[in-house]
Every structure is written in C-alpha cells, then in structure tokens.
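To start, the structure under review is shown below, and the notes come after it.
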C-alpha cells in the first residue's frame, strides 16, 4: 500500500512505514529494544555533533558515569524513585551456570543493581566527593549514554526500552545560578530544534503534576507532530537542593557556612529522531533537513552504456570533490557517489525514501553538456522537481540550495504549528466538544487534532477531567497573555495560559 | 610520596597514582565500575574521533544494537558462551516494588537478559534478517558502545566491569574476503596505536588456546608497558562460518546455492587509555601525545598585577586565537586559556600532571617583549625545560613543535620496546632462569621483565608449564624467522617464533 493511503488510514502505521522505508531502524530480537541502522544512526551522529558543540561552548565537559546504580541509591531519593519505580531493568546475578546443558543465572549479587533510567543519583554521588568549597563550584558536566526504562508499549525511536541520549548534570553555589543553568540547557535545545532540526517548538514550564520526579521546576520544549499531537522534545530540570540533600553534596559557602549545592539536569534523546520524522516525513518517506543529513547530496551515475562507464564515474567523482569543497553551516558539504550495482531508478527512490536533500543524476548527456540533473527531495512530488543545471553553476549554488531547503522545511513546519494552535475556545463546553469531534487524524486535507491554548486554574481536581478527555497540559508557555479568562477544565476564573494537547 | 618513589616500590601503585594525579578517572560507588572524568574522557573522544575516521574511510557504517541479549542467544553458541559464562551481568526483573518502605526487585522476566559482554550473537541475529543474496554482502558495520564483563579484580581503564569500546562486525560472501577484512581491522588499530597514540606494537596471531571464543583466527596487537608486561591493545577475529551457522546467516551465492556467510569482529576499548598511561607516563604524571590531547597547549596568564590583568588576558586570548589558526595532523590546534582563580604555579603543575603537551605562561614581561614562555611536557624534568620565544616565531612553529613531540614520544617508546625484546634465550633452562630472576620491576634503571622472542612447539602439554611460570604467549608475530630451534617450554624442535611475556 502506498504511504499516502496508509497515512490516511492510520498515522501511527504511516510512521512505522516511514521508519522502514527510510531504513532508519528496526525492531530487534531483544524485546522492546531497537536496532538503529546506518541512516538513522547517521542522523543521531549529526545531532550529537551539533549539540555537543553547544554543550562544550557553554562550558560543559563530557564525562562517563556507570551504567549500574546500586538499589540503595534509589532508596535514598524517595520522590525520585516513585516516578521511575515501575520501569527499571534490574541486574540480580553475575554469572551463567550450565545446568544439564541449560544456562541459568547464578551468583546472586549482594545488592541488586539498576540499569540507569537516568543518572541523577549516581552522578550526585560523584559530585558529593568532588565538591567541598564554593571554589569547586560550578561543576558542569554532560554524558552521552544509553538508558533503560521498561516501556510496555515500545515504538521505534519514540518509546523503546533502551534509548540513547545525553544528560547534562550541574551543581552550583546558588539557587539563582542553578535556575539560570536550567534555562541555558533549554536554550541549547531550542537552538538545536529550530536551527538544526527545522522543528519549531513551544517552550515553557511543565505543570506541577508533570514535573520530573524530584525536580523543583521542569522546563520543556514541545513540538507539534503532523497529526496534531505533541511530542516532548527535551526537558531541563532545576532540582533545587533535593538531590544534593539525599546525596550529601555539601560545600562551605563564601560566608564559611556549610550549605547544600543546587543542581540541575537536562536531556534529549533518540526520541528526537521520531519527532523529526513526524515533522518532515511525507508520502514518499523521510525528508532530512540538510544540517542533519549524513549526506546532503547523493550522486547517482547512469551507467547503461558500458563504454562510457569510466568517464561517467570520473565525472561523478569530480562533481563530488567540487561539492565537498563548498560549505554549509560552517561545515564541508557531505556528498556520496552511489555506484552500487543497482538500477539508477531504484537508487533514486531509495534516497528519496531516506530523505537525502539533493538527489543528483549524471549520465552521458550531462557529461557532454557539463551539466547535472538534480531533484530537491522536499519537492519530489511537485511538477518542478526535475532540474537541469550547468556543473559550475550547480557547484557554486549548493550552499544556497541547502540553506533554502533548510529554511523552507522550517517555514513549512512553523506554518503548520502556527495554523494549528486554537486560541478561541473560551468555555469547558466548547473545549469538550472540540476534542470530542476531532480525536482522529484525518489525513492531508482532513481536520485534525490541534493544540488548544487556553486558561487553566491549576486545581488538582481538574486532572481527572484531563485524563478522562485523554488530554495533557503540555506546558505553561513562557509567553503569557496575562489576561483573565475561564479555566477550560473547571470553568473557574483563571489567568494562566497553558497548551492543551494529545501527546506522544 | 613522590611518584618516583612510588614507581620504585610498585608499578601498579604508580599507575593508580598517575590516573589520580592526571584526574582521568576514579573508582565509583557502583562496584567495579569507573567514572571517566573530563580529561580521561577527552582523550577517549580523541581516540574515537581518529579511529572513527579510519572505520568510515574503509567503508564501515555506524549502527547501534541492543544492550540486552536474550539468554537463549548464548545457548545457541556453545563455544562462545564457554568463554564468557563466568563474567556476565544478568537482568532478571523489570520492576522495583515497595515492600514496607524497602525497595525490592519484582516482575521477573520470562527470559533473563544478558548485558552484552560483546555483541556477536545479537548482531548476527540482525545480519540473518538483512542477508539473503550475495548481492546483500558484504555488510560492514561498527558500533560505539558500553559492554559489561564481571571482572573480580577491577583496575581503572585496564579491567573494569563496564567499559567503553567500538566493535566492528562484518559479513562476507567468501572465506578469503572475510579473512582479508579481519586484517583490515587490525591494520586500523596498528595505525591508531603507532601514528596517533605513539605506542609501538607487535602484530600477530593469538595461539589456538587464547583465541576469542568461537573464532577461527584471532589477530592481535601487543604493546609493551614500561614494566615490561604486555598489554593486548586490540584484537580482530576471523569467525569463519561459526556465528553464521548458529544465527543462520545464510545467503544464495553466485552459483545459486545456499551458503553460510563468513563473519568477522574487531574491537578496541577504553583499555587503550591504560596502555597510553603505561607507555608515556612519567614521574610527574601523565604525558599525552599531541594527537590525543584534548588540549595541545594551555596558556596560563600571570595575573599578579591587578592593573595589567585585562591586558594580559587579552594577550592570552590573542595567542590562543593565533594558535587555533594553525594546524597539526590535518586539524586545528586545540588551545585553552586557563584563567581560573588559582595560583599560576599550581595550574602549571596541574597541567603537567595531566600531560598537556605544551604549557605556556604569559605575564607582564612577555607582553612587553611580545614573547611567550613555554614548556615541553615531556622534558619538564630536564634542564632545558623553560623556553622563551617571540610571539610570531612561537605561533609559526607550533605545528613543528607538536610534530616533534609526537615523534619523540613514539621514538622513546619504540626504543624501549626494541631494547627489551630478548632474542638470545635458546633453552628451557635459560628461559626459566631468566623469568625466575627478573620477575619484579625494579624501577628506572633497574632490570625488568622483558619480552622473550623464542620458539614454541605448539604442544598442548606446554600450556601447564606456561601457567606455572605465570607467563603467556602474547602472539605469533607476523614476522617469522623461519629458522629451526628449540621450544623454550618443551625443549622439542620447533620453528615457530612467539612472544613470551607477563601480561596485563
């Protein structure tokens, strides 16, 4: 079935099909875990590269902390464990024994070990050894690592038992400095999403009920997927002194008094790739923004005429080398010549499904005319999708082409976001009616679930109503109108603006 | 106690002290695991960067496979599990429950999961899904990951329960191609060790008894540590059809017949950092070869005179920016200005202990004379260690300076290796006497254990003798003399040259 038809029937099925069509990842034989394939991992490497630069530029150093966290560490942080207790992999044995030809776990551990679901507790333990005086602060570190949460309904990239992420962890001498740091973390993610991933986001605070377990404040960025649901793209937590108290991160402050440090943590994961797909994918497969594409241009040589094979391959290589001399976003252009023994048309569609931004073909005629034939992936369904251009002109404008694609992808996604934030719902009745009538994604032209920006009174009693409506409060946006209105859940007077949406 | 005195008493203590002095890693509260600190992790990032380039240039793509391997996968590969069965972390539960305020593992898994000690079995499972025809071959992939082996006597970098590594895994249509690939893997490691790490190695094959569990051939590189012991720095395995058979990686070959694929695997780990320390460390701490140094030069501003502070800081920044414009090894020079509020002399010794190749001080006099004062870390104990040089001249020669340091570090280590391979032991008696008299490292000028290059008859009976002498056969070097002689263990006639040594 064509992706278009699949999308019209079921957006989740379309998603799964795009992941497969682009050959980005697959379900593994290890229950709930994924295999990230070269094109998917290549995109992750690009995210890592771009974000790692921002992390280092803001003064953070990379470190590596243990995969295993002693069970007793969770015991210390009661509120924290409450949030994770349901979903952890636990190591209890350290040996396999052979019993009548059958392998069985043996050598039970004195203390079970938790495979890290996140590393606040084990990193706070290190901080408590490193920090003695205000002179030792701030500690600004980050790690790139795998983490495990025992998801019961895994989905590739979005929700797998094991996933890859970075987690920043910092400790500070003052409340203000740590709060500021949590904002710096969020700013990096905003920059990554908007400028690198071409994925617009709404930034704000999580409501109390949805904070990270143990946090004082959780900041977040929320992205609108094509089906109108919201994906939490990144979070940054101001942890106050909570983790410092349970791990004993104590220092002598400038007044010569002992004080607990103020800590933060912030992370984004391979989940971002799921967001990327549901922001930019189309009915031909994936579209990767140029800044994240492992290859920004692929050159397919047309080799039907055996006598011209060597010449055409040389021409393709010449084009590749010329393009690699050009820059985009401060880096050399990434180009591949795909000379595999396959039909050119099959290769063209393979790179279309993968979402390579520019797909170039060079054959005998192009060689003769010193020209190239190229396609812009995001317009590949469009009548204007086939372009002929002279070699020099194409090479000279590659940076502009990539920039235009990057910009257009952001504009397109941003327009979708802006057009789908409903702001004119004023009463609980209208609110309920809106979601009752719009709870199914209806494809390209159909109506779909949107974000509703409206008032919330913050009463705990409203949470049941939310649950009943299968809705969540995605965030309390930093941009607040300050006007008074009616809470869309309780009907009470309220001034706080929040984003209501269905979520991933 | 000074490092020099520690080294004379105990080389292992010296090692541990250098790791601490250079602030590279520390023992963690997670039993047997380490925390890799910024300077240590920065060196690992450099190793990753340089090796990843080689891996990609030779046509391999990065992927990511699951951390957890179902127990049944090990059951399939009998020979393989025999080699690892003693040292694995086993996940048996997926939930923590709160029993009267005490957290306990609950929700036992149907099938226990092994935390990967290496990924042949789980990757072969994917390959079996990817490979159907000879046209799907070769598959050339690599992953950067953490692995776990339940070491009972952990040592930082050298032997920790969790460590970081890369593992290449490939599948091929022919025996010859796969065997060649295993050699390509080893070549990359040789290149990394010699040209990037300045660590000379001996390349060869492992004897049968010491092959990777399940391999047909294990190739290895062995490096001589300063105490004369050998460190296995990297291995590359030709696995024949063994893993293909147990995982059913079957393809239709060119003759239209079903055939099992031929696979390889190859890996190096954070253990290399242990090797780096025991190759280049000295009595002041660590020395990092320029190609691996997170910073190749550090600039310490001398800020005693408050009135000149701004001027000196600006001068330091100007120097940094000028140096960063220079290149070494195809990359921009990496420089840091250390403007922390600390005594300059303390900073100087801190960077000395860390092993930053060039340590520069700029103060009022340097500013006046448009000059810099610099030290070459590897000669910091030498009378010639303090150099004054004009700004322009220093900037213009930074690449040469770094190249000279890199070369000198290799020459020094290579000389040590060459001077400590004993080749004139001809009889079992002389062999036994040699190791009986030389089994303790005696410090800088004292005698030490060396490598013995001698004959081996390959009889299984010789292995007991080896064990008794606490020796190992490190490798069968690719370079063979072809002469006939006497096996140093059995006294029998033998032609095979092997390297006998104590090992890490």
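Observations
- Cα gyration tensor shape of chain A, rounded if a/c is under 1.5, else prolate or oblate by comparing a/b with b/c: prolate
- Tail fraction, Cα-Cα pairs, the protein assembly as shown, threshold 49 Å, whole percent: 29 percent
- Between the stretch B:298-366 and the stretch A:254-307, the Cα center-to-center distance that results, in Å: 35 Å
- Among beta bridges that DSSP assigns inside the protein assembly as shown, antiparallel share in %, nearest 5: 85 percent
- Efficiency of FRET from Cβ geometry, residue A:503 and residue A:195, R₀ 35 Å, rounded to 0.05: 0.90
- Least to most buried among B:28, A:119, A:29 (fewest other Cβ within 10 Å first): A:29, A:119, B:28
- Sorting B:208-218, A:321-331, A:482-492, B:293-303 by average packing, meaning the other beta carbons within 10 Å per residue, from highest down gives B:293-303, B:208-218, A:482-492, A:321-331.
- Relative compactness, the stretch A:290-404, computed as alpha-carbon Rg over 2.2 N^0.38 Å: 0.98
- Ellipticity estimate at 222 nm from DSSP helix runs (n ≥ 4, -39,500 (n - 2.57)) divided over chain B, nearest 500: -10500 deg cm²/dmol
- Per residue, the average separation of C-alpha pairs within less than 8 Å and at least 6 apart gives chain B a relative contact order of 15 percent.
- Computed FRET value (nearest 0.05) for residue A:102 with residue B:130, which takes r as the C-beta separation and R₀ as 35 Å: 0.70
- Nearest 10 degrees, 0 to 90: helix B:428-437 Cα axis against chain B principal axis: 40 degrees
- Estimated inter-spin distance, residue A:256 and residue B:433, nm [label 7 Å along Cα→Cβ]: 7.0 nm
- Cα gyration tensor, the stretch A:3-280 - rounded (a/c under 1.5), prolate or oblate: oblate
- Partner shielding of B:125-133 amounts to 2, given as the average count of beta-carbon atoms from other chains within 10 Å of each residue beta-carbon.
- Gyration tensor (alpha-carbon) shape descriptor, the stretch B:36-185, a/c threshold 1.5: oblate
- Within the stretch A:25-152, percent of DSSP bridges classed antiparallel, to nearest 5: 90 percent
- Seen against the Cα atoms of chain A and their longest principal axis, helix A:120-130 is set at about 70 degrees.
- Cα-based helix-to-principal-axis angle, A:391-419 vs chain A, degrees rounded to 10: 40 degrees
- In a fully extended conformation the segment linking residue B:20 and residue B:418 would gain 140.3 nm over its present Cα-Cα distance, using 0.36 nm per residue.
- Among B:276-286, B:65-75, sorting by the average number of other beta carbon atoms lying within 10 angstrom of each residue, highest first, gives B:276-286, B:65-75.
- Averaged over peptide B:461-472, the number of partner chain Cβ atoms lying within 10 Å of each residue's Cβ comes to 0.
- Nitroxide proxy distance, nm - points 7 Å out along Cα→Cβ at residue B:9 and residue A:180: 4.6 nm
- Cβ crowding within 10 Å averaged over residues, with B:105-116, B:347-358 ranked highest first: B:347-358, B:105-116
- Net length available on complete extension from residue A:342 to residue A:386 is 13.7 nm, with 0.36 nm assigned per residue and the Cα-Cα distance removed.
- Between residue B:327 and residue B:209, the modelled label-to-label distance comes to 5.1 nm, taking each label 7 Å out from Cα in the direction of the beta carbon.
- Counting only other chain Cβ atoms within 10 Å of each residue's Cβ, the peptide A:100-108 averages 4.
- Exposure proxy order (Cβ contacts within 10 Å, fewest to most) of A:104, A:268, B:91: A:104, A:268, B:91
- In plain terms, the residue of B:19, B:345 with the fewest other Cβ atoms within 10 Å comes first and the most crowded comes last, giving B:345, B:19.
No value in this document is a laboratory result; all are computed from the given coordinates. The structure displayed is predicted, hence computed values, not measured ones. Neighbour counts are summed over all protein chains in view; Cβ atoms, including those assigned to glycine, are modelled from backbone coordinates with ideal geometry.
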